[in-house]
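Data first, discussion second: the structure below is written as structure tokens.
Rule-based calculations on the coordinates, nothing more; no lab input. Not measured: the values here are computed from a predicted model. Cβ coordinates were reconstructed from backbone atoms using ideal geometry, including for glycine residues, and neighbour counts include every protein chain displayed.
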Amino acid sequence: MPNDCGPKIDAQAPADGDLQMSREQMLDLGQRALELVVERIESLSGENAWEGEFRQVLEDQLLEDAPEDGRPAAEVIERAAREILPVAARIDHPRSFGFIPSSPTWPGVVADFMAAGYHINQCTWLVASGPSQLELVVIDWFRRWIGYPEGAGGLFTSGGSAASVDAFVAAREAAGHPERATVYMSDQSHSALSRAAFIVGIRRDCIRMIPSEADFRMDMYALARAVAADRDAGLNPIAVAANAGTVSTGAIDRLEEFADFCAAEGLWLHVDAAYGGFAIVTERGKRLLRGIERADSIGLDAHKWLFQPYEAGCLLVKDENTLRDAFGVRPDILQDTVWGANHPNFSNLGLQLSRSVRALKVWMSIQVFGMAAFRRAVEKGMELSAQAEEYVQASPILEALSAATLGIVCFRVNPANRNLDEQVLDTVNRTVLARMFWDDPAFMSSTLLHGTFALRMCIINHTTTWDDVRETLEAVERFGLEALSKNRTPA
Ligand SMILES: Cc1ncc(COP(=O)(O)O)c(C=O)c1O
């Protein structure tokens, strides 16, 4: 067995001046890579969810000139697997709750390997017809889940950030690329949105951060006032970005009201559903996201709640022509790639020319497991976070700071009977986070909710169990009590 007696890959480096490997060398190297990855997945739950190292240590280990002569592949792959790749957050660990974690399915991982191995460049129909058709198929699945009409379309992107850039380009062009354009988003919007807006040329002082209400949803009245004030000042409002799952709390803006408002004002409505959008495959998600189908564009991340490896973002638009009008180009060098009306070139719908076939991972994993399994996996995240919220509510030590709308719960250590001031609570909770980081196998992160420091768990990994969640919350309580005992304020 290769695993028991060590790698049987070539002891020799490939022949001088040659960039090829023999069939045996390729199979051996591939087999070893597979074993290493599967081994890692099998041992994941016994590891800590986070691993990292200081730069100096890593520099000492890794900094070197590119070698002039090749080294044995066995050595190189072992180094990657032992020294480099494990020194990173184990985002797919069942107790990885920080930021937005994700846990890819195996067919999705294998699909990425195959896409690289088949060396697909899905820029145009001429260069990649089969993969282009596959992207049409998967985009059409998404279109139907969202409830978009025929004629809607979109494309895969590297992620939610790139989808936001493409969306704002489409919005800007649909508005006729006016001078002094303004866009609107909430103070809970992901920073990717404001960055996307200024990348597409919206001046930073024309990006309006509308305050959110106590439930972290955008204040519609404040939005209406800001748009009216900007129009009065001679500015040109072009787009509103609403949230379908804010990154801090999972809050969902009032999508129906946004759609009414944008229709009345002639504004482009973009919905950032990078985190929460795929909840739509469940009945509960469909109810929560009602109105999303009225948006002009929607950003989705299959590498978040659709269990795909990075990178798998997506932009959907209600009218595919809005992307084609904004991005379509016909350079001489690509003149041969115009292949009839029904052969779309995905490079004409967004930023990228050379692009991988990201749809393959979604397609392969859904073909293998079926939608019922995906639905259950998404539902499980929502159930576990609701359970976590109940636990927090019932705890004498913890205080809930936001409702578990999708898969996120925010809370802090704040015993009901202690009447602690905000400064003490801030110190105590930062200490708890640090203790979780260094002394507990789970990984969680924090956020500021209207200025209040909050501990935050995002529970969307399909391998996470209630025990994983409960034991993590118990650790927070334990570290909380310890921190409180050290922070006793004089009576
Ligand atoms: C709500 C939301 N929008 C946008 C993004 C940015 O997406 P990406 O990291 O895929 O570029 C994120 C990432 O966490 C997100 O949670």
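Here are some notes:
- Whole-angstrom Cα spans of the stretch 121-369 along principal axes, big to small: 49, 43, 28
- Beta bridge orientation in the chain: antiparallel %, DSSP, nearest 5: 55
- Globularity index of the chain, i.e. its alpha-carbon radius of gyration over 2.2 N^0.38 Å: 1.06
- Mean sequence separation of contacting Cα pairs (under 8 Å, at least six apart), scaled by the length of the chain, corresponds to a relative contact order of 19 percent.
- Loop-located trypsin sites (Lys or Arg not before Pro) in the stretch 83-148, at most 12 other Cβ atoms within 10 Å (DSSP): none
- Each peptide in 239-248, 161-170 was scored by the mean count of other Cβ atoms within 10 Å over its residues; highest first, the order is 239-248, 161-170.
- The simple Förster model, with R0 at 51 Å and r as the Cβ-Cβ distance, assigns E213 and E78 a FRET efficiency of 0.40.
- Using θ = phi - 60° in the Karplus curve 6.51 cos²θ - 1.76 cosθ + 1.60, the 3J(HN,Hα) couplings for the stretch 206-217 round to 10, 9, 8, 9, 7, x, 9, 8, 4, 8, 6, 9 Hz; x is entered for Gly and Pro.
- DSSP assigns beta bridges within the stretch 121-369; of those with both partners inside it, close to 40 percent run antiparallel.
- Packing, as the average of other Cβ atoms within 10 Å across residues, places the peptides 47-59, 99-111 in the order 99-111, 47-59, highest first.
- Assuming charge only on the beta carbon of Lys and Arg (+1) and of Asp and Glu (-1), the dipole of the stretch 372-486 about its Cα centre is about 180 debye to the nearest 20.
- Computed magnitude of the charge dipole of the chain (debye, nearest 20; Cβ of K, R +1, Cβ of D, E -1): 1260
- Relative contact order (%) - the stretch 121-369, alpha-carbon pairs under 8 angstrom, separation at least six: 29
- Note on the chain: dipole from Cβ charges, positive end direction compared against A326, N48, L19; the farthest Cα belongs to A326.
- For A373, the shell of other residues with beta-carbons less than 13 Å away shows a net charge of +2, using +1 for Lys and Arg and -1 for Asp and Glu.
- Förster radius 30 Å - calculated FRET efficiency between A264 and R330, Cβ distance, rounded to 0.05: 0.25
- Positive-end extreme of charge dipole, the stretch 121-369 - chosen from L134, L316, M218 (charges on Cβ): L134
- The chain, helix-only ellipticity at 222 nm - DSSP H runs n ≥ 4, -39,500 (n - 2.57), divided by all residues, nearest 500: -13000 deg cm²/dmol
- Ranking of E83, E78 by count of other Cβ atoms within 10 Å, fewest first: E83, E78
- Annotation: the residues D336, D272, D260, D301, sorted from fewest to most other C-beta atoms within 10 Å of their own C-beta, follow the order D336, D260, D301, D272.
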